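Every number here is computed from the coordinates shown, using simple stated rules; none is lab data. What you see is a predicted model, and the numbers here were worked out from it, not measured in a lab. Methodologically, a virtual Cβ is constructed for each residue, glycine included, from the backbone with ideal geometry; neighbour enumeration extends over all protein chains shown.
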Amino acid sequence: MSDAPSPAATPAASPRRSWAATFKVYAEPASLRMLALGFSAGLPLLLVLGTLSFWLREAGINRTTIGYLSWVALAYAFKWMWSPLVDRLPLPWLTRRLGRRRSWLLLSQALIMAGLIGMAFNDPLLSLNPVVWCALAVAFGSATQDIALDAFRIESAGTERQAALAATYQTGYRLAMIWAGAGALWIAARVQGAETGYMQNAWQVAYLAMAASMLVGTVTVLCSREPNPRALPPAKNLAEWLQGALIAPFADFIQRYRWQAALVLGLIAVYRISDVVMGIMANPFYVDMGFSKDEVAAVTKIFGVIMTLLGAFVGGAMAMRWGVMRVLMLGAILSAASNLLFAWLSTRGHDLTGLTLVVSADNLSGGIASAAFIAYLSSLTNVQYSATQYALFSSMMLLAPKWLAGFSGQFVDAYGYEPFFIATACLGLPVLILVALASRVKLAPSP
C-alpha cells in the first residue's frame, strides 16, 4: 500500500494555510523534482513540430509535406492505447533496480535522445524519410515519458499538493519549450554565423545540444526515489493480465462515478476548447496584423512566458487555498474572456502595446486554467491505475479541440478574425455549465 493518500480520495477538511505556507510548498523536494522532469517532458514537443518545420522549410521542403508531418504529434493524442503497458508491465532488469515508474521514464528518455541524435545526423534535403522516422521515435518516446511522468507525479504526493506539483511541472515544461524553440534557433544561428542559406551542420549542432539537454531529466530520474504505488497482484495468465492492465482501469472509473462519469468526461473533453481552437490562428493573425517576427518573438517569449509561469504558480496556490473546482471555474471564465481581447485587438491593427497586453492576459489566464485542470485530472485518478487513467484523460482533452481547430482557417476566411475570436469565446460558455455541474460530483475514493 502507498504511504501517500490516494489522489482520488476526498481530502479531509484542513485549516486554511497562510499565503507564506502555501507558497513554501514550491521549495519542497517533490516540487523541485517536477520542475526538472517538466523540463524533460516539454523539450521534445517543439523539436518534432515548430522547430522541425522551420528546419524543413529552410531546407526547401514544401509546405504541404511539412503540414502532413505535423501528424507526428498524434502520438500524444493516442498514448492511452499503450498506457496500460507503461502502467503495469515491468521492464527486464531495469524495473527490479529502479522501480516501475523510474524504469519507464529512463527508457523513454533514452528513446528521445536516440531519436534526436538520429535527426541531427540526417539531412532532410538529401533524404527526408530517416528524419521522419526519427521524429516519430522522438514523439513516441515523449508520449511514453508523459504517461510514466504523470503517474510518477500523482503517486509522489497527496491531493493537497497536486496543484503545486502541476505548477512546477508546467514551469519546467514552458522553460523547455523556450529552449527547444528560441534556444535551438539561437544555437543554429550562432553556428551558421555570417553564412547565408541552408546549412545542415548548424541544425546538427542544435539538435545534438537538445539531445544533451535531455540529461536534465535523466539525472533527475536516477537521483529520485521511486514512489510507493500499490502492489500489483501477480497475474496467473495472459487473460488475467489483460483484464488488470486494459479493462480494469477504465471499468474502475465508470464504477466509481457511474452516470456522473459522462459528465466528468464531457468536461475533460471540452475544458480547453476555446484556447486550443483560438491558438491555431494566433500566429497567422499576428502576421496579418503586420507584426514582425521580432515583435511577436519578444512579446510571446518574454511577456507571454512570464505571465504563463505567474499564472501557473498563482493557480496552483489558489487551488490549494480555495479548492480546485473554484479555480477551475475562474480559469474557464478567464480563458473565454481573453479571446474577446483578441477580438478587440483585431480592430486595432498594428498596436504593439495592445499585443503585449492581450498576450499577457491570455497567458496569465491559460496558466491559471492549466494548473487547476491538471490538479483536477490528478484528483480523478485511482493511484492503482494512475498512468492509464491519466493518459486517457490527457488524451481526451485534446482530441475534440484539435479536430475542431482544423476548421478554424476556413472560418476566418469566411467571416474574418473578429467574429472568429468572439465565436471561440462563446465555445467556453458550455464549459462554465459543465464546471458548475461537475463541482457537485464528489470525488470517489479508490477501493
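Sorted from largest to smallest, which semi-axis lengths in Å does the alpha carbon gyration tensor of segment 18-229 give for its equivalent ellipsoid, taking the root of 5 times each eigenvalue?
On the way: eigenvalues 211, 77, 42 Å².
Equivalent ellipsoid semi-axes, largest first: 32, 20, 14 Å.
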*Label point distance in nm, A436-A262, each placed 7 Å from Cα along Cα→Cβ*: 2.0 nm
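What does the charge count around S370 come to, taking other residues whose C-beta lies under 11 Å from its C-beta (Lys +1, Arg +1, Asp -1, Glu -1)? The partial results should precede the final answer.
Numbers: positive: R174, R272; negative: D275.
Surrounding charge for S370 is +1.
Please tell me the relative contact order of segment 18-229 in percent, rounded to the nearest whole number, where contacts are Cα pairs under 8 Å and at least six residues apart. Mind dumping the intermediate values first?
Values: 272 pairs, mean separation 81.3, N = 212.
Answer for segment 18-229 is 38 percent.
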*Theoretical gain in end-to-end length, A337 to C426 [0.36 nm per residue, Cα-Cα removed]*: 31.1 nm
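On full extension of the chain, what length is gained from Y198 through L352, given 0.36 nm per residue of separation minus the C-alpha to C-alpha distance? It would help to have the intermediate numbers written out before the result.
On the way: separation 154, 0.36 × 154 = 55.44 nm, distance 3.15 nm.
Working it through step by step, the gained length comes to 52.3 nm.
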_Theoretical gain in end-to-end length, Q410 to L94 [0.36 nm per residue, Cα-Cα removed]_ = 108.8 nm
*asked:* If I model a spin label as a point 7 Å beyond the Cα along the Cα-Cβ vector, how far apart are those points for R225 and S127 in nm?
replied: 4.9 nm
_If I model a spin label at R190 and I247 as a point 7 Å from the Cα along the Cα→Cβ vector, what separation in nanometres do I get?_
5.6 nm
_For peptides 411-421, 100-110, sequence by mean Cβ density within 10 Å, most packed first_ = 100-110, 411-421
